[in-house]
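Before we start, here is the structure in question, set down as structure tokens.
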Amino acid sequence: MAVAATAVLAMASSLLVALPGVSPAAATTHPYELTLGDSYSIGYQPGIGGTPGYTGYLAGKLGLQPENFGCGGATTTSLLHSAGCGDPASQHAVPYSGITQEAAALQFIAAHKGQVKLVTVSIGGNDFDSCSTAACVDAAMPTMGKNVKALVGSLTTALAKASDASAKIIGLTYPDVDLGLFVYPTQPPSSASESQARQSILAFDDLINPTLKKAYLSVPRGSFVDVTSAPYKEATKGDDTSLSITEQVAPYGTVPVAVGEVCQLTYFCSQGNIHAHTAGYDFIGALVLADYRS
């Protein structure tokens, strides 16, 4: 909840200056939106670096001041246990050193009592990014789930102590970029590429998304946004996991709708890069906005 009293804002600002490794935020009368996570959280785009991403989209729609603690390459383990980041790839990230990403966010909450309205978290992708089999993904799930549950638990406690108990914590998943293997690096795909693309559907549906959803919903005010299966175009009704429905997508020709959505939201089909375009981050932001307002 926003606090307008000048004296309280001044005190909060002075407290932040005193925090080790956290740069003071600019004075603002707006409540805050905090973001934690990996390169998706900082809106990374190849050749550009960090962008406002989905957090900038949300801040603009909700009139919130974004404070981004994200770190490119972060895992659920490094977020909790590795000191420092303040991602140099992003001019939009909050710099910090000597403390973990989790600790930096918790200290910010404590220094801005009653001012945090929303916390978004995009983490977990690097826990299983190197996997090419369902067994590998399955093996990463217990640690990922345990770490995310610990994170949202500490955020919930900090928000309650700071009189921000009404703040919502929204966790995200990712587009299933491996579906882009249907067109990258070769079209038609090799048998190995097609097999990996098809396995990725089961990995997200049966392992990744259920694990993340359970962790985010383990706390009051916790919520989960399933980016993987959300429909990019209303007519598609979401991803078709049978891959039987096709559409024309330039310059790839006729491809399954689910593949076409990945091509239109991310750089994977053109560059093999897992990150979203600006349109992709805006799409993710719109999903979070809808959840926040629900």
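Taking amide H atoms as placed 1.01 Å from N in the peptide plane, list the residues 5 or more away in sequence, or in a different chain, whose amide H sits under 5 Å from that of Y96.
The list, which skips near neighbours in sequence, is C85, G86.
Between Q187 and L217, what length comes free when the chain is fully extended (0.36 nm per residue of separation minus the Cα-Cα distance, one decimal in nm)?
On the way: separation 30, 0.36 × 30 = 10.80 nm, distance 3.96 nm.
Stretched fully, the Q187-L217 segment lengthens by 6.8 nm.
Give me the one-decimal nm value for the distance between modelled label points at K161 and A135, 7 Å along each residue's Cα-to-Cβ direction.
About 4.4 nm, to one decimal.
Starting at the first residue of the range 212-217, write each ³J(HN,Hα) from the Karplus equation 6.51 cos²θ - 1.76 cosθ + 1.60 with θ = phi - 60°, in whole Hz, x for Gly and Pro.
Working through the residues one at a time gives 5, 4, 4, 5, 5, 8 Hz.
When the label point is put 7 Å from the Cα of L202 along its Cα-to-beta-carbon vector, which residues of the range 99-143 have a backbone N closer than 18 Å?
131-141
Do the alpha carbons of any pairs in K113/K149; K61/K214; K168/K214; K61/K168; K61/K117; K146/K214 sit beyond 21 Å of each other, and which pairs? Could the numbers behind the result be given before it?
Details: K113/K149 23 Å; K61/K214 28 Å; K168/K214 16 Å; K61/K168 16 Å; K61/K117 13 Å; K146/K214 10 Å.
Over 21 Å apart, Cα to Cα: K113/K149; K61/K214.
Also, quick follow-up: For the range 151-276, give the share of DSSP beta bridges that are antiparallel, in percent and rounded to the nearest 5; count only bridges with both residues there. Provide the component values of the computation, followed by the final result.
Working: 5 of 9 bridges.
If we restrict to bridges inside the range 151-276, about 55 percent are antiparallel.
Computed from the coordinates by the stated procedures, all read-outs in this text should not be read as laboratory data. Note that this is a predicted model, so its numbers are computed, not measured. All Cβ positions, glycine included, derive from the backbone under ideal geometry; neighbour counts span all protein chains shown.
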